[in-house]
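Notes follow once the structure below has been shown.
The values are calculated or read from the model by the stated rules, or taken from the named source; none is laboratory data. Nothing here was measured: the structure is a model prediction, and the numbers come from that model. FYI the Cβ positions are ideal-geometry reconstructions off the backbone, even for glycines, and counts take in every protein chain you see. Ligands, DNA and RNA are excluded from the accessible area calculation, which covers all protein heavy atoms including side chains. Shrake-Rupley method; radii C 1.70, N 1.55, O 1.52, S 1.80 Å.
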Amino acid sequence: MTVRDGVITSVRPVGSSADRDVEHLPVDGRWLIPGLWDQHVHFTQWAQTARRLDVSGAASAAECAELVRSRARADPGSDVLVGFGFHDARWPDLPTRELLDAAAGDRPVVLIAGDLHCSWLNSAAMARFAPGTEGALLREDASFALTSALTPTDVTTLDHWAADAAQRAAERGVVGIVDLEYGWSLETWTRRITAGLQSLRVEFGVYRDRLDDAAALGLRTGGVIDGTGGLLSMGPFKVISDGSLNTRTALCRHPYPDGGHGVANLTPAELLADLRFAVANGIEPAVHAIGDEANRRALDAFAAVGARGRIEHAQLIDPADIPRFAELGVTASVQPEHAMDDRDVADRLWAGRTHDAFPLADLLSSGARFAFGSDAPVAPLDPWAAIASAVGRTRDGREPWHPEQRISVSAALDASTRSRVAVTEPADLALVERDPFGATVDELRAMPVSATLLAGRFTHSTL
């Protein structure tokens, strides 16, 4: 293969004549694939996660509080102690203020749930961030606002962390992301790229509170931002229509064990109005919908608007709604690793309905188009984890969960890439050590990446 000016100019059989004025690289025995995309991340949150207390392994609220106690003793101070990754839907006990108060005293503690839709605070943190709030938990919009408030204001430090995270992504073969970070990312990514972060293509999303601003600036989905060397583009309009499974706020037709049905963050009329405004201004809608009722309402809104777009997550779908994705031209923007994270919670909270959960094979056979992502930091920013989970529906040696919903390696790779290894295509490429089509599920998950190229430039290499 020959690359010139960032584009593939020829692909020839091994042993054929080659141009003499090109650099030759020793790639024998390795497999060349298109560079990978993670098409749903919260990048700034992901960049911060490694610096936060990991509470993802806690099997109870009491055990989680003990992790806080240990961190507070090992790293004393008065700053906010932030942790990430708890899943209280799996716990036998309740997260209370008293548990965290006993663990950290007057030091503010904020623990962010693994699904980003809930935060657990002690009394000191609640007094600072949400005075007057009852209980120990903030959910949905209140939790999102707190998450944004905890982002460091020192942009130099934050941009350094982002550069580190971008390099780790390149080491896994990633060439591009769709960043759905909360807030306004135009200036953030322009600053990072012009300062030298050159290892990723970035499409940044916008939320409801800044949709008017994006329209006023003439930002259109797919439009390249000037001065970024073609690396930064406008992405979709992200609208959060319901909650999440672990927080029991995903909007479902059937009740949860506690009798609730989840929450609708927007009325159908509000959702329709938002989609119409976005489409009229050239911005593709990306509707967060996890429960089956939320997915139905999102599909209804797309049908009423008569426009294409994306549904983010699409975790529980009524079989009658499966064909509508292809019929309406709506992309299923899914995170297969979530099926492995949520299988036990789904078996309990969606008992009797998990045959409709994460229905990848059904969506694929109906003609739906996929876009795979991680939702990092909910799951690691690593497309190989998504590919392995989609292909095997298993992790950690467990029996496959609903194996009838497994899909092929070819389909999983297609959902994780934006280009092909072909003449005139951009030279966004990854070189891997194993044949992905002959690899086991565990080998896919741990796929060694020898090199990553973005427009023909090496962003990672062990050659």
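How much accessible area does Leu146 have with a 1.4 Å probe, in Å² rounded to the nearest 10?
About 10 Å², ignoring ligands and nucleic acids.
Can you compute the modelled spin-label distance between Ser410 and Ala273, with each label point 7 Å from Cα toward Cβ, in nm?
4.7 nm
Starting from the amide H of Asn265, placed 1.01 Å from N in the peptide plane, find each other amide H under 5 Å away whose residue is 5 or more places distant or on another chain.
Long-range HN contacts for Asn265: Asp242.
Just grab the label-to-label distance for Thr424 and Ser366, each label 7 Å out from Cα along the Cβ direction, in nm (one decimal).
With each label placed 7 Å out from Cα toward Cβ, I get 3.4 nm.
Count neighbours as other Cβ atoms within 10 Å of each site's Cβ, and list the GluC sites (Glu not before Pro) in region 122-191 that are DSSP loop with at most 13 such neighbours. Mind showing how you got there, number by number?
On the way: sites: Glu134, Glu140, Glu171, Glu181, Glu187; in loops: Glu134, Glu140, Glu171, Glu181.
When the GluC sites (Glu not before Pro) of region 122-191 are filtered for loop state and at most 13 Cβ neighbours within 10 Å, Glu134 remain.
Taking 0.36 nm per residue of separation and subtracting the Cα-Cα distance, what length does fully extending Ala446 through Arg90 add? Intermediate values should be presented prior to the final figure.
Numbers: separation 356, 0.36 × 356 = 128.16 nm, distance 2.72 nm.
That pair, Ala446 and Arg90, stretches by 125.4 nm at full extension.
Starting with the highest mean, order 109-117, 147-155, 363-371, 201-209 by the number of other Cβ atoms within 10 Å, averaged over the residues of each peptide.
On the way: 109-117: 25.8, 147-155: 13.7, 363-371: 18.7, 201-209: 20.9.
Order by mean packing, descending: 109-117, 201-209, 363-371, 147-155.
Counting only helical runs of four or more DSSP H residues, what would the 222 nm mean residue ellipticity of the chain come to if each run contributes -39,500 (n - 2.57) and the total is spread over all its residues?
Numbers: 16 runs with 151 residues, N = 463.
Estimated from H runs of four or more residues: -9500 deg cm²/dmol.
How large is log10 of I(q)/I(0) for region 188-346 at q = 0.20 Å⁻¹ when the intensity is taken from the Debye formula with one equal scatterer per alpha-carbon?
-1.21
Write down the accessible area per residue of the chain in Å², having rolled a 1.4 Å probe over the full set of protein chains.
Here the residues of the chain average 40 Å² of exposed surface.
Ranked from highest to lowest mean number of other Cβ atoms within 10 Å per residue, what is the order of the peptides 282-290, 434-442, 300-308? Working shown, then result.
On the way: 282-290: 25.2, 434-442: 14.4, 300-308: 17.4.
Output ranking for 282-290, 434-442, 300-308: 282-290, 300-308, 434-442.
How high is the relative contact order of region 380-436, given as a whole-number percent (alpha carbon pairs under 8 Å, six or more residues apart)?
Working: 33 pairs, mean separation 14.7, N = 57.
Reported as a whole number, the value is 26 percent.
Quick check: at a probe of 1.4 Å, how many percent of the accessible area of the chain sits on carbon and sulfur atoms? Walk me through the numbers before you get to the answer.
Details: 9430 of 18550 Å².
Looking at the chain in its full context, I get 51 percent from C and S.
Report the residues of region 105-123 in range of a label on Ala149: point 7 Å along Cα→C-beta, backbone N strictly under 15 Å from it.
Zone members listed by number: 108-112, 118-123.
Using all Cα-Cα distances in region 1-160, what percent lands in each 5 angstrom bin from 0 up to the longest?
2, 7, 15, 17, 14, 8, 5, 4, 5, 6, 6, 6, 4, 2, 0
Rg over Rh of region 130-225, using C-alpha atoms and the Kirkwood radius, what does it come to? All intermediate terms of the calculation are to be shown ahead of the outcome.
Numbers: Rg = 15.8 Å, Rh = 15.4 Å.
Ratio of gyration radius to Kirkwood radius: 1.02.
Could you compute the FRET efficiency for Thr2 and Arg220, with r as their C-beta to C-beta distance and R0 at 35 Å, rounded to 0.05?
It comes to 0.55.
Spelling out what I want: for every residue of region 244-252, take phi, set θ = phi - 60°, compute 6.51 cos²θ - 1.76 cosθ + 1.60 (Karplus), and round to whole Hz; glycine and proline get x.
After applying 6.51 cos²θ - 1.76 cosθ + 1.60, I find 9, 5, 4, 7, 6, 10, 5, 7, 10 Hz.
When the Debye formula is applied to the Cα atoms of region 323-463, each taken as the same point scatterer, what base-10 log of I(q)/I(0) results at q = 0.22 Å⁻¹?
These q points yield log10 I(q)/I(0) values of -1.47.
When only C-alpha pairs under 8 Å and at least 6 residues apart count, what is the relative contact order of the chain, in percent?
Values: 976 pairs, mean separation 89.9, N = 463.
Rounded, it is 19 percent for the chain.
Please list 242-252, 34-44 highest first by mean number of surrounding beta-carbon atoms within 10 Å per residue.
34-44, 242-252
Any idea what the alpha-carbon Rg over 2.2 N^0.38 Å comes to for the chain? Each step should come with its number before you reach the end.
Numbers: Rg = 22.3 Å, N = 463, 2.2 N^0.38 = 22.7 Å.
With N residues counted in the chain, Rg over 2.2 N^0.38 Å equals 0.98.
Calculate the spin-label point distance for Arg398 paired with Arg353, positioning each point 7 Å from the Cα along the beta-carbon direction, and give it in nanometres.
Going from the Arg353 label point to the Arg398 one covers 2.0 nm.
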